[in-house]
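This report refers to the structure that appears directly beneath it.
The values are calculated or read from the model by the stated rules, or taken from the named source; none is laboratory data. None of the values given here were measured: they were computed from a predicted structure. Don't worry about glycine lacking a Cβ; one is built from the backbone with ideal geometry, like all the others, and counts go over all protein chains shown. For accessibility, only protein heavy atoms count, side chains too; no ligands or nucleic acids. Shrake-Rupley method; radii C 1.70, N 1.55, O 1.52, S 1.80 Å.
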Amino acid sequence: MLRHGEAAASWDQHRDPGLSVLGHQQAQDATALLQTQLSDRHRAEGFKIISSPLARAQETAAPLAKHLNDSPTIESRVAELPSPPNLSLTERGPW
């Protein structure tokens, strides 16, 4: 399991931020580390990339998916608990 890289905005600034510049670098660094540990044997044993539908998670998974010539499976069950839809961004912080 790999947590997403640094988000470009906080919980109370954006509903679904992508990665910051640092977050993209973290995703690249994680891929470099993981690619030394992954092989065709892992793929044959059912290794899968699963991502939450959130932008930052999908952007974190993208470099590894590209390296493995694969696509992440998007799984909403691994997303964060959604805030109530009627909350403004300002109200989300304290929530």
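Some values worked out for this structure:
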item: Leading residue by the ranking (least open to solvent (accessible area, probe 1.4 Å)) among those in segment 4-38 that are at pLDDT below 85 and in a loop (DSSP other than H, G, I, E, B); result: LEU38
item: Among residues of segment 39-69, those that are modelled with pLDDT under 80 and either in contact with a strand residue (DSSP E or B) (Cβ under 9 Å, 6 or more places away or on another chain) or acidic (Asp, Glu) (or both), counted; result: 2
item: When residues of segment 55-85 are limited to those that are hydroxyl-bearing (Ser, Thr, Tyr) and in a helix (DSSP H, G or I), the one surrounded by the fewest Cβ atoms within 10 Å (Cβ to Cβ); result: SER76
item: Flag if GLU80 is among the acidic types (Asp, Glu) and modelled with pLDDT of 90 or more; result: no
